[in-house]
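These notes concern the structure reproduced below.
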Amino acid sequence: MSTPSIQAHQLVKKFGDFTAVKDLSLEVSPGEIFGFLGANGAGKTTAMRMLCGLLKPSFGHARVAGFDVATQTEHVKKNIGYMSQKFSIYDDLTLKENIQLFSSIYGLSSLQTQERMKQLAVQFGLEDKLKSLVSTLPLGWKQKLAFSIAVIHQPRIVFLDEPTSGVDPITRRQFWEMIFETANAGTTVFVTTHYMDEAEYCDRVSIMVEGQIQVLDTPQKIREQFSAQTMDDVFSLLARKKETPT
Amino acid sequence: MSALAAFVKKEFLHIFRDKRTLLIIFCMPIALVMIFGVVISTEIYDAKIAIVNASSEIHSQKLIEKINSSNYFKTVSYLRSSLGLEEVFRAQNIKLAILIPQNFDKDFGNGPPPTLQLIADASDLNVATTLIGNASNIIQAFAQENAPPSGAVLPFQITTRMYYNPEQRDVFMFIPGILALVLMIVSAMMTSITLVREKEFGTWRVLSSTPLPSVIIIVGKLIPYFLLSSINACLILGLAVFVFGMPIHGNPVELFLVCLLFIFTSLSLGIFISSIANTQQAAILASMVGLFLPTTFLSGFIFPIENMPVWLQPVAQIVPAKWFIEAIKRIMLKGAGLGQVLTQIYVLAGMATVLLAISIRRSRKQAT
């Protein structure tokens, strides 16, 4: 057994009196696609930011890529990629300039940068588009490119914060192809989404309600546990349970 | 390429690809200098005047020659008496008449001093005041040149209205203010906008998830604006010296150092604004209210601080531009060295330190 990519033990984040994340514990193995679900305001983003070393946990501890997120943030950041729901690449730069910028930030050599650029160009069939401004490319392309740039330094874990929101179904499908490829190559994928059909693509998912993880298992087992047809049903069941506490 | 170099390059690309930014950085300074220096200039050249000379002998002739040889006035009408002067005012649209009394030559240098009269078209009060000032200066100079060596008394009388501004051209007053304004806009406003833009577009979060320390991100964003501001300072000072003939009596290197310090203070202000604003709109608004208005109205740039109400004067003291303008004027016009503007230097450096400290504290708070 290799060491887990992500290991969180009773993580808590408080903002004043408000507890955004309660006792978050989970483990994600290398190469796994982990779906991190929850309604807006359930604490997903806060949890993710703690795991990325952007936010210090109030209590508990977590290790990402084997490094402590509270004390070894530098090491954590070197080993992760991050893509947010908003645009993470610069519209007024060309594709090539974006790639060069992030390659330099992650300390890739110019040779490595060249190689990665060629690789990406072939993968996307974009050889002739490298010098065009990102703003001229269609939205779906931009999201895919943002993903490529998030994994440009071949991180051990990539965090995707609602990467497919606002994208058409075909592009979403293509986007998930990329996620599968990346995971097959050994990178751990930690993804939040509010599309329940996408949850089915994950190896395991957790559903967060009011800062707490309610369920954590494979999509199939979760459906069985709740005797539901789809993840969507599970989700609404959990949401209803929250509204009428017993 | 190091991460910092890559980041600086990226920032330059942002600037050079955005026409509006370019316009603000490079066209605005030139436009401001030209507007204040040329268009809103209160100096008037070749004003049409009439001379009424009731005396017409050697001294009065010499005085008229002196008036005509200045480039302030163009005499369009000579009269022997003030009869019909009003007609000349109306028909020839003269702005000023200089009346030399009959006893001018007779009493010149002896007897009770004769009195010259200046009559101005006060329908435009500003023009009238300026012209009277100009004429008084010329006549005053003439009186001093031609004073009899024996007498301590001037050979004739004239009341001078603009004594404090003998040869000082108003563009010299404006240049330091414009310099302060432009450096404020480019360094403080533009940097706050560019920093906030990263926050707004979500790229800040992506950047902070990279191993790049946030200090490098901020420094990388500031370097281009620091360089462009320095170029702007040279540009404005160049225009001041070569187009408007403003002197630099002090050391140009010291002058430039003070400019660099002010740019640094402005950049700190920009960082501070970006730490409190979350959208570009808010950053622009904060810059307008917090920088633009005080720099224009409270720095002594347009309105003298001494003339402000007592309660407002302390407010003027916290406007960085006030201290910068003071230092620049002293160095350029009075030839002061750095040692004589230490107070201003300490205040500007102190402001920068405090602003940076607050911004760092705020960003630390946000991270935990």
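Only the coordinates and a few stated rules stand behind these numbers; no lab work does. Computed from a predicted model, the values in this text were never measured in an experiment. Virtual Cβ from ideal backbone geometry, glycine too; neighbours counted across all protein chains shown.
Tabulated data
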{"quantity": "Positive dipole terminus of the protein assembly as shown, leading residue within A:19, B:243, B:60 (C-beta point charges)", "calculated": "A:19"}
{"quantity": "Size of electric dipole in segment A:141-246: Cβ of Lys, Arg +1 and of Asp, Glu -1, about Cα centre, debye, nearest 20", "calculated": "160 debye"}
{"quantity": "Computed lengthening from residue A:210 to residue A:132, 0.36 nm per intervening residue step minus Cα-Cα distance", "calculated": "23.7 nm"}
{"quantity": "Computed label-point distance, nm, for sites residue B:87 and residue B:106 using a 7 Å Cα→Cβ extension", "calculated": "2.7 nm"}
{"quantity": "J(HN,Hα) series, segment A:198-209, from Karplus relation 6.51 cos²θ - 1.76 cosθ + 1.60, nearest Hz, glycine and proline x", "calculated": "5, 4, 5, 6, 7, 5, 9, 9, 10, 10, 9, 10"}
{"quantity": "Rounded FRET efficiency, nearest 0.05, which uses the C-beta distance separating residue B:241 from residue B:31 and R0 of 25 Å", "calculated": "0.85"}
{"quantity": "Positive-end extreme of charge dipole, the protein assembly as shown - chosen from A:122, B:12, B:307 (charges on Cβ)", "calculated": "A:122"}
{"quantity": "Distant-in-sequence amide H partners of residue A:29 (H built 1.01 Å from N, under 5 Å)", "calculated": "A:5"}
{"quantity": "Derived scalar couplings ³J(HN,Hα) [segment B:255-271; Karplus, 6.51 cos²θ - 1.76 cosθ + 1.60; whole Hz; x for Gly, Pro]", "calculated": "4, 5, 4, 5, 4, 4, 4, 5, 4, 4, 4, 5, 4, 4, 4, x, 4"}
{"quantity": "Modelled FRET efficiency - R0 60 Å, residue A:221 with residue A:74, Cβ distances, 0.05 increments", "calculated": "0.95"}
{"quantity": "When each of A:13/A:44; A:13/A:221; A:56/B:10 is checked by Cα-Cα distance, pairs over 20 Å", "calculated": "A:13/A:221; A:56/B:10"}
{"quantity": "Ellipticity estimate at 222 nm from DSSP helix runs (n ≥ 4, -39,500 (n - 2.57)) divided over chain A, nearest 500", "calculated": "-11000 deg cm²/dmol"}
{"quantity": "Charge dipole (debye, nearest 20) of segment A:62-117; +1 at Cβ of Lys and Arg, -1 at Cβ of Asp and Glu", "calculated": "180 debye"}
{"quantity": "Segment B:47-146 - charge dipole about Cα centre, Lys and Arg +1 at Cβ, Asp and Glu -1, debye rounded to 20", "calculated": "160 debye"}
{"quantity": "Segments A:48-58, B:294-304 sorted - mean Cβ within 10 Å per residue, highest first", "calculated": "A:48-58, B:294-304"}
{"quantity": "Degrees between helix A:169-184 axis and first principal axis of chain A (Cα, 0 to 90, nearest 10)", "calculated": "90 degrees"}
{"quantity": "Cα-Cα over 32 Å, subset of B:221/B:322; A:77/A:142; A:22/A:86; A:131/B:199; A:14/A:144", "calculated": "A:14/A:144"}
{"quantity": "Rounded to 5, the percent of DSSP beta bridges in segment B:47-146 classed as antiparallel", "calculated": "25 percent"}
{"quantity": "Local net charge near residue B:337, Cβ-Cβ under 12 Å (Lys/Arg +1, Asp/Glu -1)", "calculated": "+1"}
{"quantity": "Using a Förster distance of 30 Å, the FRET efficiency for residue B:71-residue B:251 (Cβ separation, nearest 0.05)", "calculated": "0.40"}
{"quantity": "Helix B:58-69 axis, angle to chain B major axis (alpha carbon atoms, nearest 10°)", "calculated": "30 degrees"}
{"quantity": "Note, ³J(HN,Hα) from phi for segment B:227-239, Karplus 6.51, -1.76, 1.60, rounded to Hz, x at Gly and Pro", "calculated": "5, 5, 5, 4, 4, 4, 4, 4, 4, 5, 5, x, 4"}
{"quantity": "Folded to 0 to 90 degrees: helix B:320-334 orientation relative to chain B principal axis, Cα", "calculated": "50 degrees"}
{"quantity": "Under 5 Å, built H, 5+ apart or other chain: amide partners of residue A:70", "calculated": "A:62"}
{"quantity": "Amide H contacts under 5 Å for residue A:130, placed H, 5+ residues apart", "calculated": "none"}
{"quantity": "Radius 15 Å from Cβ of residue A:47, net charge of other residues (Lys, Arg +1; Asp, Glu -1)", "calculated": "+3"}
{"quantity": "Mean Cβ neighbour count within 10 Å, used as a protection proxy, ranking B:330-340, B:194-204, B:62-72 highest first", "calculated": "B:194-204, B:330-340, B:62-72"}
{"quantity": "For chain A, with +1 on Lys and Arg beta carbons and -1 on Asp and Glu, the positive-most of A:188, A:139, A:175 along the dipole", "calculated": "A:188"}
{"quantity": "Counted charge near residue A:59, where neighbours are those whose Cβ lies closer than 13 Å (Asp, Glu -1; Lys, Arg +1)", "calculated": "+3"}
